[in-house]
1. Among B:352, B:316, which is the only one that is in the same structural domain as residue B:96 (by TED's automatic domain parsing) and either more than 21 Å from residue A:85 (Cβ to Cβ) or modelled with pLDDT of 90 or more (or both)?
2. Which of the residues that make up segment A:146-194 are touching a residue at least 24 places away in the same chain (Cβ under 8 Å) and touching a strand residue (DSSP E or B) at 6+ places or on another chain (Cβ under 8 Å)?
3. Please enumerate the residues belonging to segment B:153-169 that are under 20 Å from the mean Cα position of the chain (by Cα) and within 7 Å of another protein chain (Cβ to nearest Cβ).
4. Looking at (1) touching a helix residue (DSSP H, G or I) at 6+ places or on another chain (Cβ under 8 Å); (2) away from chain B (no Cβ under 14 Å); (3) at pLDDT 80 or above, find the lone condition where residue A:258 falls short.
5. Please tell me if residue A:220 is away from chain B (no Cβ under 12 Å) and farther than 17 Å from residue A:34 by Cβ.
6. Give me the residue from segment B:332-344 that is surrounded by 20 or more Cβ atoms within 10 Å (Cβ to Cβ) and in contact (Cβ under 8 Å) with a residue 12 or more places away in the chain and, out of that set, farthest from residue B:37 (Cα to Cα).
7. For the list (1) modelled with pLDDT under 90; (2) buried (at least 20 other Cβ atoms within 10 Å of the Cβ); (3) farther than 25 Å from residue A:226 by Cα, I need the number of the one condition that residue B:329 fails.
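The values are calculated or read from the model by the stated rules, or taken from the named source; none is laboratory data. Source: prediction; values computed, not measured. Heads up, the Cβs are rebuilt from the backbone with ideal geometry, glycines too, and the neighbour counts pull from every protein chain shown.
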């Protein structure tokens, strides 16, 4: 019994392991979107950036043999997508939501187009840290085999939370996000700040994509993303534009996705798909409970078109 | 962007025949979207040609094939129209709320639920109920499902202040999960092994082709929906009230317009169109509800609506253009050895450029009706 299984503890362990595995792209995408939205702009095109990042990372990893070079290349491509989005959205009368959807379509198209030759080759995977070394149980070892990117993402969430409060860059970003006029009065160029924030957001989203293609599920194909990029927007609202909130929200979203398969493994097969919907229902319920027709959402950047 | 203060002496001078003046003003106003749109398409095509040149293929050949595959023959045109028909309805799902100032991006959810509702209501009827009432019931069920779904987003917007863009996106994901649950669970046809699906509709219950064409009735329904929507917005008092509310909610409320009911009603109508698109997918294409319902029509519809500037009549040519580009994908793949994603790249490029060119509205004096007034 000791070596063959861990009994009833398998379910929470599987959920935890699944949450950690699935949540990493959510963490990066939502942190990226948080930075963008905190500057007062919304980027709905992160889905395209994420998939393009996944393709770039995989292709570069195949060609150079180094997964980390792949991640770097993905960050570069994501930043370019962010720059394009940010540059277009600074013009008057341009609808940032529609541009986001168009950029998503463009990113997906370009990723499928350029990534066609890379569906067959196998890329080296990103390394994982075997935190379960102390246990003899293979399940625990597998569950605690945590990818480096997850650790980086977690650290980044706390760093961003601190930076938003204490660093000059963070404060500038928040001023621009809360009031374009106040930023101008302080001599800050809001367009430039938003451009850089969108580029940073794009490069983080692309890291999320790199994780998908280089670690879990660890291959490149056209169905690599299951909407992680689109959901970033909901995640950020759920987390109230707070980076640490994003980290836990990402774990929750990942955990909810892992709940179905984990229960299935112990014989509960009903309502499998409804678990996928759980985070969305929860986000919607929280939105309904906390919104009011008379004021904008608490914690929302003042200049964000979405929450006005 | 010049704001003219009229000199009464100048405007009053009747220099030319008075009947010509409104015509020129009208022409100036109407030429602007067409001219900017065409220039945007040309810029988009030029950028795309550059991309094709960089990867070492001939753009001329590509456009030639695109024309042949999308519009060049009767076969291509029918293929193009078939692909355009769901876009007509999903674009309306965005365009109608947009006239009220709402950005709904969750049409995909209404399509999916509409398809499931249609398939579910057909299941007990197939076999003994007559064909046409069954199809009408399926359409109604789909419209109710889609209408409730998107109407909910409108309702929450007005009465709870929940952002409709986000809530409709969330509702789309919930709808897809519900579909998977139904299709894999209670509604699953045991015979569908690899791709879980509801029981297929018998051939006689399928929505047939338009006589003389290889295009299903969905096209006619879509075009009718666009025309009806245009009439609703331009020719009824509801549409007028909606446009006022879209321009300025406060002003509309002060006028005593029922803004809440307008928002809920228009979003519900919009959602019912998208739901109908789902029913047509089931009854004319798939034969049953399955994961193919979430094929992205809802998201492409967003772009169609924005490109048509939320004008229901303009949706028709825009959807046909996109349908044609889409239809040519197979031919480009076969003849030029390019991936089928080529058409996605082209569509994305066109979308981005056209949406970017929105910024040019009002920047060219030649389109300003006031300029023509002054020159009289």
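1. Working: B:352 fails: in the same structural domain as residue B:96 (by TED's automatic domain parsing).
Going through B:352, B:316 in turn, just one is in the same structural domain as residue B:96 (by TED's automatic domain parsing) and either more than 21 Å from residue A:85 (Cβ to Cβ) or modelled with pLDDT of 90 or more (or both): B:316.
2. Residues satisfying the conditions are A:146, A:147.
3. Here is the first cut: in segment B:153-169, the ones under 20 Å from the mean Cα position of the chain (by Cα) are B:153-154, B:164-169.
Selection gives B:165, B:166, B:167, B:169.
4. Only one criterion in (1) touching a helix residue (DSSP H, G or I) at 6+ places or on another chain (Cβ under 8 Å); (2) away from chain B (no Cβ under 14 Å); (3) at pLDDT 80 or above is unmet by residue A:258, namely (3).
5. Numbers: away from chain B (no Cβ under 12 Å): yes; farther than 17 Å from residue A:34 by Cβ: yes.
It is true that residue A:220 is away from chain B (no Cβ under 12 Å) and farther than 17 Å from residue A:34 by Cβ.
6. B:338
7. (3)
Here is a yes/no grid of residues against (1) farther than 29 Å from residue B:326 by Cβ; (2) within 13 Å of chain A (Cβ to nearest Cβ); (3) surrounded by 24 or more Cβ atoms within 10 Å (Cβ to Cβ):
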site: B:92; (1), (2), (3): no, no, yes
site: B:95; (1), (2), (3): no, yes, yes
site: B:106; (1), (2), (3): no, yes, yes
site: B:127; (1), (2), (3): yes, no, no
site: B:134; (1), (2), (3): yes, no, no
site: B:150; (1), (2), (3): no, no, yes
site: B:191; (1), (2), (3): yes, no, no
